[in-house]
Amino acid sequence: MVELIKANQLNIMLVLSSACGTFALFVLIARALPKRRRFSLLALELSSMLLLYFDRLAYMYSGDMSSKGYIMVRVTNFLVYSLTLVVILSLNLYLMDLLMNEGEMEKIPKRLIAVRILGYIGILMVVISAFTGLYYYFDELNRYQRGPGFILCYVFPLITPLIILTVVIQYRKRLSKGVVFSIVLFVVLPIIASIIQIFAYGLSLTNMAIVGVAMITYIFALYDINDKLEKSNRREIEFLKEERQNMQNLFEQTASAFVNAIDEKDEYSVGHSHRVADYARKIAKACGKNDKACDEIYYSALLHDVGNIGVMDPTKDTDDKLTEEEIEILNQKTMIGDKLLSSISDYPYLKDGAHYVNERYDGSGYPNGLKGDEIPEVARIISVADHYDNLTSTKSFRAPFPQTVVREEFIREAGKMFDPRFSTVMVKLIDSDSGYEMSDDQTDNAFKEQLECDEYRTDIQKGILIENVYTDISFKFSENKKKDDGFSTPSLIIYDSFDGRVHDDKKTIKAFHYLEYGEIWFDGNVVCTAARNMTSKEIALDDNRKDTDQIDQNIFRIRAGRYEDHVRIIVSDAYGAHEVTIALQDSSKYAYIGITGEHCILSEFMIEKTDTEVGDSDIERIASKISYLNRLEGDLPNLQIDKTRSKNTQGIVLNKDLNFIFHTMSLPSASLVWNCPYILIYSSDDNTVNGSNYREYALIKLNGETDREKEFAENTIQIQKTERFKDWDKWLEKNREGFECEVEIERKGNRIETYTEAAGLNLRNVTVLKETPKQICVALTGDQCVLTDIRVR
């Protein structure tokens, strides 16, 4: 190895010195380095380059007997000895700068000052040696020879780096790890090379080592400064983000305070603007908008009612159609909002919500009568969010509408009042809101601990759903007479409504589809209202109950259950028990119990849902079973679907093409646009719906609804309203009358296309499977409809 280095030493020295010169150029143009540090590194790289360059020349001219050789040998050897110390002084200067700046030291360590002094003394000794031959001399052949004091030349280059090393070790925590490593390497590696060089005469290992570590020092210095710049940039970015967030928070707090002041003008509007903003953000996010766009939509929605500061909103006390005068007031509101928000030039999008929120997708809105995409997108989103909050909020003249009614509203108004895209997104949000959290329903939904009934039905308990298992109910009764002759007793109201509450005014009865079947008293008296039939008979008290606290005549009990379209209710007190049988209008209806009374206080309510199912034999049939299946039967049995997907046809394997032809008719109780047939595309191990390893790929409703994204497939539906489609009320009427329907299904690999026409709606749904099942099946199901004469082609 030594011989190999000797043979190529001059070439190695040239390469290293050239590389070091290149590094010196990089230092010169490195603007990221502080001026003092750039100077020290430049001195380090240049002195290292010159050190090796002149060392190379010294080897080249050694033994050259010419006049030029005589001069060059002496000059180059002098410079080699001198530049070795200059390199150390440059390193010392570099360390001083680091400790004073990065290390934040107030004073330069005295040891570094001592290194500087020793360096100067060392250079002076080199000058003396040049005249005395202390370190080296030249023989008669003009060759370099070690002098009698040669060993002394290692004292200064050895002691000074060691002193520098002690300083670095002491203050290492003030410096970066990379810088500490590079300086330690700069000190240790040349020392090791010098020790080797003592025994390997003729090699310039020390100088080559110095050049190598000089370049490494620059690399680590550059890495260190870049790291600091990166951290500084990150801090600056974080600071700017924090400042931006602070500004945004200030803007939001100011805007919130402003809109709160406006909303609080009416107790029923409190929180309206914030809720609309939240709903608008949900819609935007569901549409794939980025965070910036979602924020812009949020703030625009937050300020959409800012025009109310100048006028009173005429819609706050009514859901009725607006008069021309009220429309003019709303026009003024939008103009005021536009004027106020237009002055906020940094946020030009804010005014769009306030100005265009009352535009309608079909062009019948105000103030400008814009149509479709002419309306700014932000306003189309806010319009949906605003309408949702209006429907689901408590008003002075009504309770919030249930989700079922709200959902249908957005389906009906898609393409008319609202952009179909955002209306569909809102329907999906409603479907996913199983806990009804997206609502400002201020009505007390909790079960009341006590009822205080004065006149009859002045206080009514929350509705208790009657199911196909028995539910046991008990409560304590006490009189609340204000007059001696007042009649005091509890009673039950049996009813159905979308929100499970009792309603008594025309508007809410219509809105919540309220239907009262009848009333029951504990003495066996009943009043039949909308039930098909209602009977009551006295029965013997349960012996077990006679031995319990029901002897206390203040305890009243109820047992209720249903089977299909019949309800059985047993009411009892200490005096006796009565069995009431109710024939509902059909099996699709729900039935609730509302406990109330007259001149009484009811408390200590206990409700227990049992595991005992109600069977056909448990309830005496008092009205004939209603069936709409008395029609011609085709390839598959006729189907009466009383509730959502309560029944379905058998699955038919889809290989390539498949056609279903059938007659459909909605049940008389059907009142919602999705009370219609559904097409179900799925797979399972036994080809049955909900069978083992069930996978659902598409559920296509004939009203045009579909789940666009399922776990195992993606669906895209296109809806075209033909001339036969007048409006949704006519569509529902046509469904009640019944019509012939044909469904065409085509499969090409993992792509399934479904076509059908339903009472003026042309539907085309494309299902793309995310997997390849062994078999795909198609079945028919629905909600509150009858499917007959089902043929498969």
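The values are calculated or read from the model by the stated rules, or taken from the named source; none is laboratory data. Since this is a predicted model, take the numbers as computed values, not measurements. When we count neighbours, we look across all protein chains shown, and the Cβ atoms used for this are built from the backbone with ideal geometry, even at glycine. With ligands, DNA and RNA removed, areas are computed over all heavy atoms of the protein, side chains included. Shrake-Rupley method; radii C 1.70, N 1.55, O 1.52, S 1.80 Å.
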Subject >> Test set (1) modelled with pLDDT under 75; (2) surrounded by 16 or more Cβ atoms within 10 Å (Cβ to Cβ); (3) polar (S, T, N, Q) - GLN248 fails condition number >> reply: (2)
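Within the range 29-36, is there a residue that is in contact (Cβ under 8 Å) with a residue 12 or more places away in the chain and either of a type in the set (Phe, Trp, Tyr) or touching a Gly at 6+ places or on another chain (Cβ under 9 Å) (or both)?
Residues of the range 29-36 that are in contact (Cβ under 8 Å) with a residue 12 or more places away in the chain, as a first pass: 30, 32-34, 36.
Pick out the ones that are also either of a type in the set (Phe, Trp, Tyr) or touching a Gly at 6+ places or on another chain (Cβ under 9 Å) (or both) and you get none.
For the range 29-36, residues in contact (Cβ under 8 Å) with a residue 12 or more places away in the chain and either of a type in the set (Phe, Trp, Tyr) or touching a Gly at 6+ places or on another chain (Cβ under 9 Å) (or both): absent.
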Subject >> Boolean, ILE652 is open to solvent by less than 60 Å² (accessible area, probe 1.4 Å), β-branched (Val, Ile, Thr) and within 37 Å of the chain's Cα centre (by Cα) >> reply: no
**OP:** Kindly list, by first and then second residue, each pair from a residue in the range 44-65 that is crowded, with 21+ Cβ neighbours inside 10 Å and modelled with pLDDT of 80 or more to a residue that is assigned to a loop (DSSP other than H, G, I, E, B) and not basic (Lys, Arg), limited to pairs with Cβ atoms under 6 Å and residues at least 6 apart or on different chains.
**Re:** ASP55/SER204
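For a quick check of your reading: which strands (runs of 3 or more DSSP E) sit entirely within the range 635-688 and have at least 1 residues that are closer than 22 Å to GLN775 by Cα? Reasoning before the result, please.
Values: elements: 639-641, 652-654, 657-666, 677-683.
Counting at least 1 such residues, we get 652-654, 657-666, 677-683.
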Original post:
Inside the range 389-406, can you point out the residues that are part of a helix (DSSP H, G or I) and either over 21 Å from ARG281 (Cβ atoms) or touching a residue at least 60 places away in the same chain (Cβ under 8 Å) (or both)?
Top reply: ASP389, ASN390, THR404, VAL405
**OP:** Name the strands (runs of 3 or more DSSP E) wholly inside the range 569-627 in which the number of residues that are in contact (Cβ under 8 Å) with a residue 60 or more places away in the chain and touching a Pro at 6+ places or on another chain (Cβ under 7 Å) is 1 or more.
**Re:** 592-598, 600-613
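Say we look at the range 136-189 and pick out the residues that are part of a loop (DSSP other than H, G, I, E, B) and of a type in the set (A, V, I, L, M, F, W, C); which of these is farthest from the chain's Cα centre (by Cα)?
Just the residues of the range 136-189 that are part of a loop (DSSP other than H, G, I, E, B), to begin with: 139-143, 147-149, 171, 175-176.
Now restrict to residues that are of a type in the set (A, V, I, L, M, F, W, C): 141, 175.
Details: LEU141: 86, LEU175: 43 Å.
In this case the residue turns out to be LEU141.
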Original post:
Which residues, taken from the range 638-649, are under 19 Å from THR756 (Cα atoms) and crowded, with 20+ Cβ neighbours inside 10 Å?
Top reply: THR649
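I'm checking my understanding of the structure. Among residues of the range 95-148 that are aromatic (Phe, Trp, Tyr) and open to solvent by 80 Å² or more (accessible area, probe 1.4 Å), which one is nearest to SER40 (Cα to Cα)? Walk me through how you get there before you give the answer.
Of the range 95-148, the ones aromatic (Phe, Trp, Tyr) are 120, 131, 135-138, 144.
Restricting the remaining residues to those that are open to solvent by 80 Å² or more (accessible area, probe 1.4 Å) gives 120, 131, 137.
Details: TYR120: 16, PHE131: 31, TYR137: 32 Å.
Looking at residues that are aromatic (Phe, Trp, Tyr) and open to solvent by 80 Å² or more (accessible area, probe 1.4 Å), I get TYR120.
So which of GLY524, GLY500 is more than 25 Å from HIS599 (Cβ to Cβ) and not in a strand (DSSP E or B)? Step through it out loud before you land on a result.
On the way: GLY524 fails: more than 25 Å from HIS599 (Cβ to Cβ).
Result: GLY500 is the single residue among GLY524, GLY500 that is more than 25 Å from HIS599 (Cβ to Cβ) and not in a strand (DSSP E or B).
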**OP:** Could you tell me whether the range 712-733 includes any residue that is outside any strand (DSSP E or B), under 17 Å from LEU763 (Cβ atoms), open to solvent by less than 70 Å² (accessible area, probe 1.4 Å) and in contact with a helix residue (DSSP H, G or I) (Cβ under 8 Å, 6 or more places away or on another chain)?
**Re:** yes
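Within the range 655-692, work out how many residues are touching a strand residue (DSSP E or B) at 6+ places or on another chain (Cβ under 8 Å) and open to solvent by 50 Å² or more (accessible area, probe 1.4 Å).
So the first thing to find is which residues in the range 655-692 are touching a strand residue (DSSP E or B) at 6+ places or on another chain (Cβ under 8 Å), and the list is 655-667, 670, 674-684, 687, 689.
Filter once more, so that each one left must be open to solvent by 50 Å² or more (accessible area, probe 1.4 Å): 655-657.
Residues in the range 655-692 being touching a strand residue (DSSP E or B) at 6+ places or on another chain (Cβ under 8 Å) and open to solvent by 50 Å² or more (accessible area, probe 1.4 Å): 3 in total.
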Original post:
How many of the residues in the range 346-375 are open to solvent by less than 30 Å² (accessible area, probe 1.4 Å) and in a loop (DSSP other than H, G, I, E, B)?
Top reply: 5
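Among the residues of the range 502-526, which ones are modelled with pLDDT under 90 and either surrounded by fewer than 20 Cβ atoms within 10 Å (Cβ to Cβ) or under 25 Å from ASN554 (Cβ atoms) (or both)? Full working, then the answer.
At the first step, the residues of the range 502-526 found to be modelled with pLDDT under 90 are 504-513.
Scanning the range 502-526 gives ASP504, ASP505, LYS506, LYS507, THR508, ILE509, LYS510, HIS513.
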